[in-house]
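Before any comments, here is the structure.
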Amino acid sequence: MCKTILYVDPGHAFGLKKRTHPFYAKDFDIVDQYSFAKTDLSGYRCISIPGFIDQEYMQTQRDKILEFLHDGKILIFCGHLFRDWIPGASMFIPKKINSFQDYAVHIQKNHMIFKGVKEDDMTYNKGVAGFFARGFYQPPKQAEILLTLGENEVVTYIDQNTTNGIILLHAGNDLFSYMQANKTTDRISTQTFAWVQAAYDQRQKERVSN
């Protein structure tokens, strides 16, 4: 039986926690990135893809991803997009930095993923700015903007209009990886998981009613 989320694993050393941590073991199936083409996606609600993925390869899988979204499901990508494999998404734009304050993260919407998370806890890691996000995206029209650098440079958005499904694009590290830092960012991983369940259920209800 499939679990809720399929995590596409680039196989790098930073992914070791995802292969062994109980949080992932319970609700995530993990597949090597180069097995994605032959993976049956029908049982999953969400595909989670991290920034270290081989984007040249993922570009060859664009039609498979579009088909998955066509069924009202969810795609999460966290990282720097530089190939056209996510419908409606622009390429990542590096932030021009003049001061560490340019890395300040701002919450633009009261959304369940970042409920109770402090902006400074996202901006600073052990007193150093820039770990959370170093660039931004130009979102599609009608996208739901969650986080920005400054007022207009979009770090995180949700797109529910480009396809029949839902795309969550985040210009930083894997949202599911935020845990055990002893600050409010520890909430992000579990709240992102809760959002996946709620967003999927809502989208499926809308599809039935339409």
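At a glance:
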read-out	value
Some residue of region 115-131 being in a strand (DSSP E or B) and in contact with an Asp or Glu (Cβ under 7 Å, 6 or more places away or on another chain)	no
Count - residues of region 161-210 that are within 24 Å of Asp71 (Cβ to Cβ) and of a type outside the set (Phe, Trp, Tyr)	28
Unmet criterion (only one of (1) assigned to a helix (DSSP H, G or I); (2) in contact with a Leu (Cβ under 8 Å, 6 or more places away or on another chain); (3) modelled with pLDDT under 95) for Asp29	(1)
Any hit, region 113-121, residues being closer than 27 Å to Lys64 by Cβ and modelled with pLDDT of 95 or more	yes
The one condition in (1) touching a strand residue (DSSP E or B) at 6+ places or on another chain (Cβ under 6 Å); (2) open to solvent by 70 Å² or more (accessible area, probe 1.4 Å); (3) at pLDDT 95 or above that Ile5 fails to fulfil	(2)
Matching option when the condition is open to solvent by 70 Å² or more (accessible area, probe 1.4 Å), closer than 19 Å to Gly51 by Cβ and touching a Ser or Thr at 6+ places or on another chain (Cβ under 6 Å), among Gln108, Gln138	Gln138
Members of region 51-86 that are open to solvent by less than 40 Å² (accessible area, probe 1.4 Å) and modelled with pLDDT under 95	Gly51
Residue in region 87-105 that is open to solvent by less than 50 Å² (accessible area, probe 1.4 Å), of a type in the set (S, T, N, Q) and part of a loop (DSSP other than H, G, I, E, B) present	yes
Test: residue in region 171-178 that is part of a strand (DSSP E or B) and on the phi < 0 side of the Ramachandran plot	yes
Hits in region 98-134 - residues which are of a type outside the set (A, V, I, L, M, F, W, C) and under 22 Å from Ala198 (Cβ atoms)	Gln108, Lys109, Asn110, His111, Lys115, Gly116
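The values are calculated or read from the model by the stated rules, or taken from the named source; none is laboratory data. Model, not experiment: these values are computed from the prediction. Virtual Cβ from ideal backbone geometry, glycine too; neighbours counted across all protein chains shown. Side chains are part of the model used for accessible areas, which takes the heavy atoms of the whole protein and leaves out ligands, DNA and RNA. Shrake-Rupley method; radii C 1.70, N 1.55, O 1.52, S 1.80 Å.
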